[in-house]
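Chemist: Below is the structure I would like to discuss, written out as C-alpha cells.
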Amino acid sequence: MLDSFLQDLTYALRGLRAKPAFTTAIVLTLALGIGANAAMFSLVDRLLFRPPPLLKDPASAHRIYGVQTYRGKERVGFGGQYARYIDLSKWTRSFERTAGFTERDLAVGIGDASREMRIGVVSASFFGFFDAPPALGRYFLSSEDTFPTGAHVAVASYARWQTEYGGRKDILGTKVQIGSEVYEIIGVSAAGFVGLWPNEPPAYFIPITTYGAAFMLHGGLPKTENWWTTYHWGWMDMIARTKRGVSDAVANADLTQAFIKSIDAERVGSPRNPPTSTIRPRAMIGSILAERGPRASGFSKVAAWLGGVAVVVLLIACANVANLLFARALRRRREIAVRLALGVSRGRLLSQLLTESLLLAVAGGIAGVLVAQWSNIGLRMAFLPGAVSHSVFGDQRTLIFAGVAAVAAGVLTGLAPILQASRADLTADLKSGAREGMYQRSRLRVTLLLMQGALSVLLLVGAGLFVRSLNNVRNVRLGFEADPVLIVSLNMRGVQLDSAHEVDLRRRLLERARATPNVRSATLQIGIPFWSTWSQNLFVAGIDTVARLGRFDLSAVSPEYFETMGTRILRGRGIQATDLEHSQLVMVVSQAMANTLWPKEDAIGKCVKMSADTNPCRYVVGIAEDIKSHQLSNEPDMYYYMPATQFAPNQTGIFVRVRGDASQYAEAVRRSLQTEMPNPAYITTTPLSQVIGDQTRSWRLGASMFSAFGLLALLLAAIGLYSVIAYNVAQRTHELGVRMALGAQARDVIRLVVREGIGFGIAGVVIGGAIALWAGRFMAPLLFDVSPRDPVVYAAVAVTLLLVALAASWLPALRASRVEPTRALRYE
C-alpha cells in the first residue's frame with residue numbers, strides 16, 4: 001500500500017509539474033478559500049468557542065445574568081452591584097464557588113513614566129477557577145479582599161514580570177502605583193494566565209474590595225452610601241461554578257429565588273422602586289464567554305454568520321477547482337481508457353486521481369495558512385484593535401481546522417474527475433476523437449458553475465444588505481455631533497482637593513480648553529453616551545412609580561453644553577450662566593422624556609423631584625431633541641440635563657468641540673490641559689466618534705467582510721464561467737466552423753456564445769436570489785433599518801452578476817468568431 005501510494009504521489013507530482021499554470025491556478029484558488037475559512041475560524045473561535053486559557057472544567061463555569069422587565073421588554077444583565085454579588089453568593093446553594101470581577105484601564109507608574117494599562121479587578125476567589133498556580137509568590141487571600149477597604153496588594157502578570165522586571169525574583173515586596181493607590185506586589189501569575197480577557201490580558205490583578213474603597217474615597221459615590229451595600233453603583237460582573245450533579249434548571253431556579261430576595265432587600269432602601277410583580281425578575285447562568293450571551297453582541301452574531309459565509313466561499317472555490325479537474329479528466333479520456341486497457345484497475349486509477357486532488361489541496365492548505373496569517377492581522381486591526389496579536393502558525397486549533405478544511409476540499413474537488421473516470425466507456429473512449437461526446441458529458445461542469453453563481457449571489461446580497469445597514473447607521477441622527485467632540489477625562493490618581501479647589505480646577509480647565517487653538521467650545525458633563533450613564537430616582541406628581549416607565553439618564557452640564565454637542569433645544573431654553581447653586585433648580589428634558597412623563601401636557605414648568613419626594617422641585621425650562629445613549633435603534637433614550645453648579649461640579653468631566661475631526665487635535669488638547677493638572681494627576685482625551693464606532697462595529701464587520709467574501713466569490717465565479725465557456729467553445733470549434741462555412745457572421749457566433757454565458761448568469765441570479773430570500777429572515781435581526789428583501793440590493797446584485805457573465809463570455813466569444821472555417825472543418 002505504501003509503495004502504491006508513493007507511486008501515485010510521484011505520478012501526481014510529475015503530472016502537476018508538467019502544467020505549472022494549471023497547478024498554480026488551483027493552488028491559489030484553494031488558498032483563498034481555505035485561508036478565508038482559517039482566518040474567520042480564528043476570530044469566531046476566540047469569540048464564541050475557545051474557553052479562557054487554563055480555566056478548570058469550562059463546562060461548569062458560568063457567568064451570572066439577571067433579567068427584569070420594563071415596559072414589556074426584558075433587560076438582561078447582572079446589574080453590576082457588589083451588594084448583588086454578595087447577596088447571590090450568600091443565598092444560593094447550587095455553586096461551589098463564586099467570584100466578582102471587572103477590568104479597568106488605570107495608570108500604572110509615576111510621573112512621565114506612567115502608562116494606562118488593563119487591570120484585572122477580581123475577588124480572591126477568582127483565581128480558584130483556573131488551574132494556574134502562581135509562577136512566583138502567591139495570589140491574594142480572602143482575608144485581603146474584605147470590605148470596606150481591602151488590602152493594597154497586587155499580582156503582576158507573567159508577561160509584565162518578564163518585560164518590566166526582567167523576570168527578577170526580588171519583585172516580591174516591590175511597590176507600584178496603580179490608579180490612585182500604591183500596591184505591594186505579592187506574586188506573579190502563571191505563564192499564560194490572562195483571566196477572562198485573552199484578547200487584552202491584564203498587566204496586574206488587584207482585589208475588588210480595594211478598588212471599590214478607592215473609588216468611594218475619591219468621591220465616586222455620595223458619602224451617604226457605602227459602596228459595598230449600595231445597589232445604585234453598577235460596575236462589575238459575577239461568575240460561578242456549579243456543584244457536581246446540579247443541572248442548569250436547578251441552578252437557574254436557585255439563582256432566581258436569590259435574585260428576587262436581593263431585589264426585595266434593595267427595595268428596603270428604595271421603597272419607590274417598582275414591585276417585583278411588575279418587573280418579573282429572574283436570574284440564570286450563561287456561557288463563561290460574554291459574546292455567547294444571553295447578552296450576545298451584534299458583533300459576535302455577525303462573526304458567526306461570517307463563519308458560515310467563509311464556508312460558502314470554500315464551496316465556491318471547490319466547485320471552481322472541481323470544474324478545472326473535471327475538464328482535465330475529460331481531456332484525458334483516451335489516456336485513461338488506454339491505461340485501463342493495459343490492465344490498470346479502476347480502484348488504482350481512482351486512487352491516483354484522489355491522490356492528485358489531495359496533493360493540490362495540501363498545497364492550497366499550506367498557502368491558505370499564509371493567507372490566514374495575513375488576513376488575521378487585518379481582522380484584528382480593524383475589529384479587535386486592543387487585542388494581542390496571535391500568530392496563526394502557533395495556533396494549534398486553527399492549524400487543525402485548516403488541515404481538515406484542506407482534506408475536505410481535496411475530497412470534494414476529487415469527486416468530479418473520479419466520477420468521470422468511474423463511468424469510463426473503454427470501447428467508446430478508445431475510438432473517440434477529442435471532440436466526440438465531450439460537450440454532452442459536461443453537465444456536471446454546468447451544475448458546478450450554476451452553484452458558484454448562486455452562492456455568489458447569496459454573498460453579494462448579504463454584502464449589499466450590510467452596506468445599506470451601515471449607511472443607515474451612519475445617517476442616524478444621534479441627537480449630537482460626535483466627530484468634532486473630544487471626551488476629556490480627569491485622572492486624579494489620589495490627589496486630594498476640597499470641593500472649592502475641585503470646582504476651581506474644572507473652571508481653569510474649561511478656560512484653558514477654550515483658549516487652545518482650533519477649539520470652538522468646551523463644557524462640563526456627567527454621563528457620556530454609549531460609555532457611562534448616571535441616574536437617580538425621580539418623583540413626578542400623578543405618577544406612582546416613575547422607574548416603571550423606563551430608564552431616565554442625567555447629565556450635569558455647563559451653559560455651553562448644547563452648543564458643544566450640537567444638540568438642539570426644541571422649546572424653552574437651555575442651561576444658562578444664571579443657573580447657579582442657590583438659584584431656582586432647573587432642568588432640560590429630552591422630547592422622549594417629556595412625552596413619557598406628560599404625554600398630553602406641556603412639559604415646560606413641570607416639577608420633578610430627585611432622590612426623594614421630600615426634596616424641592618426642579619422645574620423643566622426646556623425641551624431638547626432626543627439623543628441615542630445606549631444603542632443605535634429607532635427608539636430614543638430618555639435624558640435630562642441640569643446645571644453642573646446645582647449638582648456636583650467636582651464630579652464632572654469635560655467635552656471639547658474642535659474645528660474638524662477630533663482625533664487630529666486629541667494630543668494637542670491633552671498637552672494644553674495637562675499644564676493645569678496637579679502631579680501626579682493627568683488628562684486623557686478620547687474622540688467621541690471612537691466610542692460611537694464601537695457601537696457600529698458589527699455593521700462594519702458585516703459590510704466589509706461580506707463585501708470581501710462576495711467579491712472573492714464573484715471573481716471565482718467569473719473564472720469558472722470563463723473556463724466553462726472557453727472549454728465549450730474549444731469543443732464546438734468544428735460546429736462553429738460549419739456554421740461560418742454556411743454563412744454565419746462573426747456577430748452571430750459572438751451572440752451565440754455570449755447568450756450561453758448570460759443564460760448561466762440568469763440561472764445563477766434566479767437560484768441564488770431564491771436562496772437569499774429564504775435566508776434573509778434569519779439575517780433580519782442583524783440589519784439596521786433595511787429589509788432583507790430590499791429590491792434595490794437584489795437588482796444591483798443581478799445586474800452585477802450579469803455584467804460579470806457578459807465579461808467572462810466575451811473573450812471566448814471573440815476567439816470563436818475569429819476561427820477560420822477551413823481550419824475549423826479539419827479540427828479533430
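Chemist: Tally time: how many residues in the stretch 634-655 are open to solvent by 30 Å² or more (accessible area, probe 1.4 Å) and under 21 Å from Ala594 (Cβ atoms)?
Modeler: Here the count works out to 4.
Chemist: Going through the stretch 140-155 one residue at a time, which ones are open to solvent by less than 30 Å² (accessible area, probe 1.4 Å) and free of Cβ contacts under 8 Å to residues at least 60 places away in the same chain?
Modeler: Ala151, Val153, Ala154, Val155, listed by residue number.
Chemist: Check whether at least one residue in the stretch 621-629 is open to solvent by 20 Å² or more (accessible area, probe 1.4 Å), more than 37 Å from the chain's Cα centre (by Cα) and not basic (Lys, Arg), and report yes or no.
Modeler: Within the stretch 621-629, one or more residues are open to solvent by 20 Å² or more (accessible area, probe 1.4 Å), more than 37 Å from the chain's Cα centre (by Cα) and not basic (Lys, Arg).
Chemist: Give Ile239, Ile263 a once-over and let me know the one that is touching a helix residue (DSSP H, G or I) at 6+ places or on another chain (Cβ under 8 Å), at pLDDT 95 or above and within 22 Å of Phe101 (Cα to Cα). Give the derivation first.
Modeler: Details: Ile263 fails: at pLDDT 95 or above.
After applying the criteria, what remains is Ile239.
Chemist: Also, I was wondering about something else. Against the definition (among the acidic types (Asp, Glu), in a helix (DSSP H, G or I) and out of contact with any helix residue (DSSP H, G or I) (no Cβ under 9 Å at 6 or more places or on another chain)), how does Asp87 come out, yes or no? Walk me through how you get there before you give the answer.
Modeler: Details: among the acidic types (Asp, Glu): yes; in a helix (DSSP H, G or I): yes; out of contact with any helix residue (DSSP H, G or I) (no Cβ under 9 Å at 6 or more places or on another chain): no.
Spelling it out, it is not the case that Asp87 is among the acidic types (Asp, Glu), in a helix (DSSP H, G or I) and out of contact with any helix residue (DSSP H, G or I) (no Cβ under 9 Å at 6 or more places or on another chain).
Chemist: So which residues in the stretch 476-522 are assigned to a strand (DSSP E or B) and of a type in the set (Gly, Ala, Ser), if there are any at all? So that I can check it myself, show each step before the final result.
Modeler: Filtering the stretch 476-522 down to residues assigned to a strand (DSSP E or B) leaves 485-491, 519-522.
Listed by number, the residues that qualify are Ser489, Ser521, Ala522.
Listed here are the residues, each with its yes/no results for (1) surrounded by 18 or more Cβ atoms within 10 Å (Cβ to Cβ); (2) in contact with a helix residue (DSSP H, G or I) (Cβ under 7 Å, 6 or more places away or on another chain); (3) closer than 19 Å to Ala624 by Cα; (4) not aliphatic (A, V, I, L, M).
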{"residue": "Arg474", "(1), (2), (3), (4)": "no, no, no, yes"}
{"residue": "Ala482", "(1), (2), (3), (4)": "yes, yes, yes, no"}
{"residue": "Glu502", "(1), (2), (3), (4)": "yes, yes, no, yes"}
{"residue": "Arg508", "(1), (2), (3), (4)": "no, no, no, yes"}
{"residue": "Thr523", "(1), (2), (3), (4)": "yes, yes, yes, yes"}
{"residue": "Ile526", "(1), (2), (3), (4)": "yes, yes, yes, no"}
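Chemist: Can you tell me how many residues within the stretch 558-572 are within 33 Å of the chain's Cα centre (by Cα) and open to solvent by less than 30 Å² (accessible area, probe 1.4 Å)?
Modeler: Going through the stretch 558-572 one residue at a time, the tally reaches 6.
Chemist: Here's something else I'd like to know. Name the residue that is farthest from Glu96 (Cα to Cα), counting only residues in the stretch 118-158 that are in contact with a helix residue (DSSP H, G or I) (Cβ under 9 Å, 6 or more places away or on another chain) and among the hydroxyl-bearing types (Ser, Thr, Tyr).
Modeler: Taking the candidates together, the pick is Thr149.
Chemist: Another one. How about the stretch 581-596: which of its residues are open to solvent by 10 Å² or more (accessible area, probe 1.4 Å) and touching a residue at least 12 places away in the same chain (Cβ under 8 Å)? Give the steps one after another, and end with the answer.
Modeler: Step one: list which residues in the stretch 581-596 are open to solvent by 10 Å² or more (accessible area, probe 1.4 Å), which gives 581-585, 591-592, 595-596.
Of everything in the stretch 581-596, those that are open to solvent by 10 Å² or more (accessible area, probe 1.4 Å) and touching a residue at least 12 places away in the same chain (Cβ under 8 Å) turn out to be Glu581, Ser583, Gln584, Leu585, Gln591, Ala592, Thr596.
Chemist: What is the one condition in (1) outside any helix (DSSP H, G or I); (2) more than 24 Å from Arg573 (Cα to Cα); (3) touching a helix residue (DSSP H, G or I) at 6+ places or on another chain (Cβ under 9 Å); (4) of a type in the set (Ser, Thr, Tyr) that Ser698 does not satisfy?
Modeler: Going through (1) outside any helix (DSSP H, G or I); (2) more than 24 Å from Arg573 (Cα to Cα); (3) touching a helix residue (DSSP H, G or I) at 6+ places or on another chain (Cβ under 9 Å); (4) of a type in the set (Ser, Thr, Tyr) one by one, Ser698 breaks only (1).
Chemist: For residues that are open to solvent by 30 Å² or more (accessible area, probe 1.4 Å) and either in contact with a Lys or Arg (Cβ under 7 Å, 6 or more places away or on another chain) or outside any helix (DSSP H, G or I) (or both), tally how many sit in the stretch 716-743. Let's see the steps before the verdict.
Modeler: Filtering the stretch 716-743 down to residues open to solvent by 30 Å² or more (accessible area, probe 1.4 Å) leaves 719, 722, 730, 732, 734-735, 738-743.
Next cut, either in contact with a Lys or Arg (Cβ under 7 Å, 6 or more places away or on another chain) or outside any helix (DSSP H, G or I) (or both) only: 732, 734, 742-743.
Final tally of qualifying residues: 4.
Chemist: Can you confirm whether the stretch 538-548 contains a residue that is over 16 Å from Tyr639 (Cα atoms), surrounded by fewer than 18 Cβ atoms within 10 Å (Cβ to Cβ) and β-branched (Val, Ile, Thr)?
Modeler: From the stretch 538-548, those over 16 Å from Tyr639 (Cα atoms) are 541-545; that's our starting set.
Checking the rest, the ones that are also surrounded by fewer than 18 Cβ atoms within 10 Å (Cβ to Cβ) come to 541-545.
In the following step, the residues that additionally are β-branched (Val, Ile, Thr) were identified as 543, 545.
There is at least one residue in the stretch 538-548 that is over 16 Å from Tyr639 (Cα atoms), surrounded by fewer than 18 Cβ atoms within 10 Å (Cβ to Cβ) and β-branched (Val, Ile, Thr).
Chemist: Could you figure out which of (1) more than 30 Å from Gln674 (Cα to Cα); (2) under 34 Å from the mean Cα position of the chain (by Cα); (3) open to solvent by less than 30 Å² (accessible area, probe 1.4 Å); (4) small (Gly, Ala, Ser) isn't true of Ser89?
Modeler: Among (1) more than 30 Å from Gln674 (Cα to Cα); (2) under 34 Å from the mean Cα position of the chain (by Cα); (3) open to solvent by less than 30 Å² (accessible area, probe 1.4 Å); (4) small (Gly, Ala, Ser), the lone unmet condition for Ser89 is (3).
Chemist: Just the residues that are outside any strand (DSSP E or B) and without any contact (Cβ under 8 Å) to a residue 60 or more places away in the chain, please, taken from the stretch 56-84. Write out each step before concluding.
Modeler: First pass over the stretch 56-84, keeping only residues outside any strand (DSSP E or B): 56-60, 71-72, 77-84.
Those that are outside any strand (DSSP E or B) and without any contact (Cβ under 8 Å) to a residue 60 or more places away in the chain: Ala59, Gly72.
Chemist: Could you say which residue among Phe760, Phe709 is part of a helix (DSSP H, G or I) and either closer than 30 Å to Glu291 by Cβ or of a type in the set (Asp, Glu) (or both)?
Modeler: Values: Phe760 fails: either closer than 30 Å to Glu291 by Cβ or of a type in the set (Asp, Glu) (or both).
That would be Phe709, the only listed residue that is part of a helix (DSSP H, G or I) and either closer than 30 Å to Glu291 by Cβ or of a type in the set (Asp, Glu) (or both).
Chemist: Looking at (1) surrounded by 15 or more Cβ atoms within 10 Å (Cβ to Cβ); (2) in contact with a Phe, Trp or Tyr (Cβ under 9 Å, 6 or more places away or on another chain), which is the only condition Ser60 fails?
Modeler: Failed condition: (2).
Chemist: Another one. Please work out which one of (1) in contact with a helix residue (DSSP H, G or I) (Cβ under 8 Å, 6 or more places away or on another chain); (2) free of Cβ contacts under 8 Å to residues at least 12 places away in the same chain is the condition Arg115 fails and give its number.
Modeler: The single condition Arg115 does not satisfy is (1).
Chemist: Let me ask you something else. Scan the stretch 287-304 residue by residue and report those that are within 11 Å of the chain's Cα centre (by Cα) and of a type outside the set (Asp, Glu). First the steps, then the outcome.
Modeler: Quick first cut of the stretch 287-304, residues within 11 Å of the chain's Cα centre (by Cα) only: 291, 296-304.
Scanning the stretch 287-304 gives Ala296, Ser297, Gly298, Phe299, Ser300, Lys301, Val302, Ala303, Ala304.
Chemist: Here's another thing I want to ask about it. Exactly one condition in (1) out of contact with any Ser or Thr (no Cβ under 6 Å at 6 or more places or on another chain); (2) part of a loop (DSSP other than H, G, I, E, B) is not met by Val246; state its number.
Modeler: The one condition Val246 does not meet is (1).
Per-residue answers, yes or no, for (1) open to solvent by 30 Å² or more (accessible area, probe 1.4 Å); (2) touching a His at 6+ places or on another chain (Cβ under 7 Å); (3) more than 30 Å from Gly462 (Cα to Cα); (4) modelled with pLDDT under 85:
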position: Arg657; (1), (2), (3), (4): no, no, yes, no
position: Arg671; (1), (2), (3), (4): yes, no, yes, no
position: Asn679; (1), (2), (3), (4): yes, no, yes, yes
position: Ile683; (1), (2), (3), (4): no, no, yes, no
position: Val691; (1), (2), (3), (4): no, no, no, no
position: Gly710; (1), (2), (3), (4): no, no, no, no
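Chemist: While we're on this one: Under 7 Å between Cβ atoms, at least 6 apart or on separate chains: pull out the pairs that start in the stretch 24-47 with a residue that is open to solvent by 10 Å² or more (accessible area, probe 1.4 Å) and end on any residue that is not in a helix (DSSP H, G or I).
Modeler: Note: pairs meeting the criteria are Arg46/Pro198; Arg46/Asn199.
Chemist: Show the residue pairs that are 6+ apart or on different chains and have beta-carbon atoms under 8 Å apart, the first residue being within the stretch 565-576 and in contact (Cβ under 8 Å) with a residue 24 or more places away in the chain, the second being in a helix (DSSP H, G or I) and surrounded by 14 or more Cβ atoms within 10 Å (Cβ to Cβ).
Modeler: Short answer, once both residue conditions are applied: Thr567/Tyr561; Arg568/Phe562; Ile569/Phe562; Leu570/Gln591; Gly574/Tyr561; Gly574/Phe562; Ile575/Tyr561; Ile575/Phe562.
Chemist: Does the stretch 7-22 hold any residues that are open to solvent by 30 Å² or more (accessible area, probe 1.4 Å) and assigned to a helix (DSSP H, G or I), and which are they?
Modeler: Step one: of the stretch 7-22, the residues open to solvent by 30 Å² or more (accessible area, probe 1.4 Å) are 7, 9-11, 13-14, 17-22.
If the condition is that a residue be open to solvent by 30 Å² or more (accessible area, probe 1.4 Å) and assigned to a helix (DSSP H, G or I), then Gln7, Leu9, Thr10, Tyr11, Leu13, Arg14, Arg17, Ala18, Pro20, Ala21, Phe22 are the ones that fit.
Chemist: I've got another one for you. Are any residues in the stretch 144-172 touching a Gly at 6+ places or on another chain (Cβ under 9 Å) and at positive phi, and if so, which ones?
Modeler: The one that is touching a Gly at 6+ places or on another chain (Cβ under 9 Å) and at positive phi: Gly150.
Chemist: Could I ask something else about it? Quick check: anything in the stretch 146-153 touching a Ser or Thr at 6+ places or on another chain (Cβ under 9 Å), part of a strand (DSSP E or B) and farther than 30 Å from Arg551 by Cα? Spell out the reasoning first.
Modeler: Residues of the stretch 146-153 touching a Ser or Thr at 6+ places or on another chain (Cβ under 9 Å): 146-153.
Checking which are part of a strand (DSSP E or B) leaves us with 153.
Then keep just the ones that are farther than 30 Å from Arg551 by Cα; that gives 153.
Yes: the stretch 146-153 contains one or more residues that are touching a Ser or Thr at 6+ places or on another chain (Cβ under 9 Å), part of a strand (DSSP E or B) and farther than 30 Å from Arg551 by Cα.
The values are calculated or read from the model by the stated rules, or taken from the named source; none is laboratory data. Fair warning: this is a prediction, and the values are worked out from it, not measured in the lab. Neighbour counts run over all protein chains shown; Cβ positions are idealised from the backbone, glycine included. Surface areas here come from the heavy atoms of the whole protein model, side chains and all, with no ligands, DNA or RNA. Shrake-Rupley method; radii C 1.70, N 1.55, O 1.52, S 1.80 Å.
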